[in-house]
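In what follows, a single structure is set out as structure tokens and then discussed.
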Amino acid sequence: MHPILSALLSVGFGLLSSAAVAKEFVLVDAEAGKRETEWSITSRDLGIAAGPAFSVHSRMLDGGKQEGVQVIDVDNGRLSFTVVPTRGMNIERVTSGDVTLGWNSPVKEIVNPAFITLDSRAGLGWLDGFNEWLVRCGYEWAGHPGMDDGKLLTLHGRVGNTPASKVVVVVDDAAPRRIHIRGRVDEKVFKFADYEAWTEVSTEPGSESLRISDTLTNQSDYDREYQVLYHGNFGPPLLEAGSEFVAPVKQVTPFNDDAAKGLDTWTTYLGPTKNFGEQVYNVIPFVDANGSTTVMLRNKAADRGIRLTYGVAALPYFTLWKNTDTLREGYVTGLEPGTGFAYPRVIERTFGRVPKLAAGKSQSFDLDYTILTDRESVAKVARDIAAIQAGRATQMRTTPEVKE
Amino acid sequence: MHPILSALLSVGFGLLSSAAVAKEFVLVDAEAGKRETEWSITSRDLGIAAGPAFSVHSRMLDGGKQEGVQVIDVDNGRLSFTVVPTRGMNIERVTSGDVTLGWNSPVKEIVNPAFITLDSRAGLGWLDGFNEWLVRCGYEWAGHPGMDDGKLLTLHGRVGNTPASKVVVVVDDAAPRRIHIRGRVDEKVFKFADYEAWTEVSTEPGSESLRISDTLTNQSDYDREYQVLYHGNFGPPLLEAGSEFVAPVKQVTPFNDDAAKGLDTWTTYLGPTKNFGEQVYNVIPFVDANGSTTVMLRNKAADRGIRLTYGVAALPYFTLWKNTDTLREGYVTGLEPGTGFAYPRVIERTFGRVPKLAAGKSQSFDLDYTILTDRESVAKVARDIAAIQAGRATQMRTTPEVKE
Amino acid sequence: MHPILSALLSVGFGLLSSAAVAKEFVLVDAEAGKRETEWSITSRDLGIAAGPAFSVHSRMLDGGKQEGVQVIDVDNGRLSFTVVPTRGMNIERVTSGDVTLGWNSPVKEIVNPAFITLDSRAGLGWLDGFNEWLVRCGYEWAGHPGMDDGKLLTLHGRVGNTPASKVVVVVDDAAPRRIHIRGRVDEKVFKFADYEAWTEVSTEPGSESLRISDTLTNQSDYDREYQVLYHGNFGPPLLEAGSEFVAPVKQVTPFNDDAAKGLDTWTTYLGPTKNFGEQVYNVIPFVDANGSTTVMLRNKAADRGIRLTYGVAALPYFTLWKNTDTLREGYVTGLEPGTGFAYPRVIERTFGRVPKLAAGKSQSFDLDYTILTDRESVAKVARDIAAIQAGRATQMRTTPEVKE
């Protein structure tokens, strides 16, 4: 792009702020019919000298099934991550020092949903694009495919394969100048759905934390069911033989017979294991006084980990997906707070785990992810989790709720 | 775009006329592999001083599911409308003074068909993009989804989600210098279909009328079935509590049991009504001496309305879709001339309402829409319709033809 | 494009060679997120004076369902052809003198897979884009649609509708300076497939031959089934009344009852014939001492033809598809070497015709196509084929293997 044109564009077509120093930028605006195809901003551009230097860069991908895919790279000076507006504001990968959040899927490209048919393979089309660190599942439905009222509900819903209709980058005026990447993902279908999800991932410059602050609004005049899963996926280096999942567990139930066989070791991990398949555990966590809970995945040496603290009222159920297959196949574990478990909606409904969102109402979802980079911080989180457990017993249910 | 480049492009890559004043422009040409991405022409550009100033402007949308969508805005000096080549030359919206033709669907974006799977939700994927004033349904099939010969025929066919293969803007040389937006939409599938539909919407500068002049040609060597519905959709201001549908009705039959309950008031409308759902009536109109009929939707005060006059030989059946749900859900009524009613093709066939188009033959469809903006013109159309009815009785059939 | 920018781009963003004369160019690279949208190279650009002048030109199409489709036109000085990266490196058309390889499908556009739903029409969505001279079928499956393990396997698999992830043009340093168009097509689905197919079509400047040299690699840690068909399709001028298919045939079996009726004349062709439908024959060829076989399609006068020589170990079965319908419907015959026949995978498996590719292993496929332009070369190929047959009898099986 011509440098002058580039400079002009770099302030964003939708500069929302009239202040001398720009701080809110619209990168995608479907109402206006526009999208930035190449855009960046740095702390220096903003005249911010104090604190860690940071940058946000939006660009387009091409090649293979990536045609027309937009990605936003954020570097907070210590931690960097990539948000994908074209795929529902999914977060592809997070890196900080020697820790990466994410995993190696056989799917390497960031696939434009135009090339995916979610209905294919009996509703498993979602797997054609699955390679993110964090993919939201929802909103009309989530979970495994299944027929409901004569219609095929496809794996994990549509939001992760829906291009964002509005994307805004905000940098706070005041220190610590938190950077916010906001994207509105619409799930609107005549007669069926009128959901607007304002997603947000934010980070403080220099920190090792990400915060998800999403708000789902039912714009319909009718109360409507919804389902949400935050499908966060972790491979090496946090996942390895001897890694451990640590959580304050009120109740755990194997998802199916395969998982039942592994119940004794459900919180620990094998190394990459051919023919392991997957084991899934349905968890109900204990909650702290603020209505939050904390879970952790830590490596074998207990000197690296990820802490996830989130509000439980909105996400009362938690799925632990252990997919310790070989590295090439996808050696990965999913930590998945949700409105329910991962059975098809028609089954979840019978267990009372499909909430409704009243007409015009909103539901927020708040999740804080912090990378732990030393033994002490891992130990500290373990103590926090133990404090939530508070010595209470875990109910181990040995039989799946649902027969296969 | 650079102004010089823009100026160069503004004459169109496919300028077909060699006259000093350009009057025919090719905006899309799949055979040549080309499309204009930004193009406009005005009456001034064409050196036309007499009559109302007019303009035609083609542009690309982006953001959300609009990526790659082309729209053409036409302003005839009094009435403006938007044609969507990417969605089968659908007409998104028409405005003139205080009258808008169109409605507010929960679906706000003009969705690129690349993001729609018509087969999804048991064949209801069409609803993911449904928000137009006028969407053509066809051509291999139209109507409700259903299995036919082991294949799922999806709601209202494919034409409304098929990008136009050729788009031409024509401005007549002589007064009144009618503006024509022509688009060829192909429905070509090896072993199944070889339809070419030359669609046209045209308008006279300064008028309050639109004319649809479509020609469907069966390029196959085999005679083939076809189905067409012109799905024109009206919300406020023409639709309100007390609005009335006026038509010369030979026979009316409720589509289903729900509609049967509303038969007594089938020509009048409620205001936005929660849980109304929809009621559909199958209408056979009387015809005038020219083989045309006229129907009208008018507001409560009878000072605003839309007149639709169309050729009945090609479109012998008429569906009235009353969907007076809440404003947010889509408060809308559909006036839908068709080759048949909206039952699945397999059912329509049993009633003899699936015509065939012989090999190499064409069928034309002509519809004139005029916005009525005062009490007198509404009254005039009512008299015209009464003249077609000519005092003949309406056969009211109380039982649906088809059991649910 | 600005001429200077164009000149800069013309060397390719991924120039791999450091030699003074460029000879390897990357046109698509999904790993880098890039694609050339307009690119060309000629023998003159490369400073090659000896031998026939040649050129390679990559460009983007638009209009209709062609939006975003990339094509590469190759002219070797005598023969020209078009490769379509967006559609799995299919070869659209080959022309040399008065011979064209290809056919006239009702489908005229080169359709972007984003507009195709392979699952539609009970798995026949592939027909929405079918018009190539050569389309690869595979790799998880090929053949007719059918359910397998509860999932619909769609007609002829996905590779022909998968955009290439990497495309490289190579011109050999030394005479005869063969031109190679290489494209990597990935079929990667979490839990199901991790195939990488490096496809290559190459030609010598001035020759009338094309060589396909593909390598399919199973990057998975699991052995996996695969299916491949090379679906090469020929209309006029090679196909006409009196054309003949010549091959060293060990065994031939009609695909179904319709084909059984035509068994007596299975190697000869009718002219365009309304209501012919199609007849398919399952062929096992004899093999020469090098493990290859040769088949030919020749015109009535026996002075034009196509010779196909290919390795049989990788492609032991051969399907002859006779679709001598009318010219408009698609007057075409398919010569289709494959890993099996065209029955659904679930059926092919029962006959032991679904091979497995071991974890990490590769399988190559080599096919040489030569256009024959005089009576003597046609006669020569006929003698070569007779030599492979070596007087051995053909087993004519009159009953299809599979009941309809």
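If I filter region C:72-83 for residues that are within 15 Å of the chain's Cα centre (by Cα) and in contact (Cβ under 8 Å) with a residue 40 or more places away in the chain, do I get at least one hit? Show your work before the answer.
In the first step, residues of region C:72-83 are kept if they are within 15 Å of the chain's Cα centre (by Cα); the result is C:81-83.
Okay, now just the ones that are also in contact (Cβ under 8 Å) with a residue 40 or more places away in the chain, so C:81, C:83.
Among the residues of region C:72-83, at least one is within 15 Å of the chain's Cα centre (by Cα) and in contact (Cβ under 8 Å) with a residue 40 or more places away in the chain, which makes the answer yes.
Return a yes/no flag: does region A:150-162 have any residue that is under 17 Å from residue A:212 (Cα atoms) and part of a loop (DSSP other than H, G, I, E, B).
No, because not a single residue in region A:150-162 is under 17 Å from residue A:212 (Cα atoms) and part of a loop (DSSP other than H, G, I, E, B).
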Exercise for review: For region B:91-99, state whether one or more residues are out of contact with any strand residue (DSSP E or B) (no Cβ under 9 Å at 6 or more places or on another chain) and not in a strand (DSSP E or B).
Suggested key: yes
Study note, to complete from the structure: Note on residue A:190: of the conditions (1) buried (at least 18 other Cβ atoms within 10 Å of the Cβ); (2) within 30 Å of residue A:297 (Cα to Cα); (3) out of contact with any Asp or Glu (no Cβ under 6 Å at 6 or more places or on another chain), unmet is (2)
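So, in region B:27-65, exactly how many residues are on the phi > 0 side of the Ramachandran plot and free of Cβ contacts under 8 Å to residues at least 60 places away in the same chain?
4
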Study note, to complete from the structure: Here the residues within region C:135-152 that are among the basic types (Lys, Arg) and open to solvent by less than 20 Å² (accessible area, probe 1.4 Å) are C:136
**Study point:** Flag for residue C:199 being within 14 Å of chain A (Cβ to nearest Cβ), open to solvent by 20 Å² or more (accessible area, probe 1.4 Å), within 20 Å of the chain's Cα centre (by Cα) and farther than 17 Å from residue C:381 by Cβ
**Key:** no
Exercise for review: Return the residue satisfying two criteria in turn: it lies in region A:42-86 and is in a strand (DSSP E or B), more than 14 Å from chain C (Cβ to nearest Cβ) and open to solvent by less than 10 Å² (accessible area, probe 1.4 Å), and of such residues it is nearest to residue A:160 (Cα to Cα).
Suggested key: A:83
Review point. Do the conditions hold for residue B:119, that is, is it among the charged types (D, E, K, R) and either out of contact with any Ser or Thr (no Cβ under 8 Å at 6 or more places or on another chain) or under 25 Å from residue B:328 (Cβ atoms) (or both)?
Key: no
Review point. Can residue C:103 be described as closer than 16 Å to residue C:231 by Cβ, open to solvent by less than 30 Å² (accessible area, probe 1.4 Å) and within 12 Å of chain A (Cβ to nearest Cβ)?
Key: no
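Could you grab me the full set of residues in region A:7-41 that are modelled with pLDDT of 95 or more and assigned to a strand (DSSP E or B)?
Within region A:7-41, the subset modelled with pLDDT of 95 or more is A:25-41.
Matches in region A:7-41: A:25, A:26, A:27, A:28, A:29, A:34, A:35, A:39, A:40, A:41.
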Review point. From the residues in region B:212-223 that are more than 10 Å from chain C (Cβ to nearest Cβ) and surrounded by fewer than 19 Cβ atoms within 10 Å (Cβ to Cβ), which one is farthest from residue B:354 (Cα to Cα)?
Key: B:213
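The values are calculated or read from the model by the stated rules, or taken from the named source; none is laboratory data. Keep in mind it's a predicted model, so treat the numbers as computed, not measured. Cβ sites come from the backbone with ideal geometry, for glycine too, and all protein chains shown count toward neighbours. These accessible areas exclude ligands, DNA and RNA; they are computed on the full protein's heavy atoms, side chains included. Shrake-Rupley method; radii C 1.70, N 1.55, O 1.52, S 1.80 Å.
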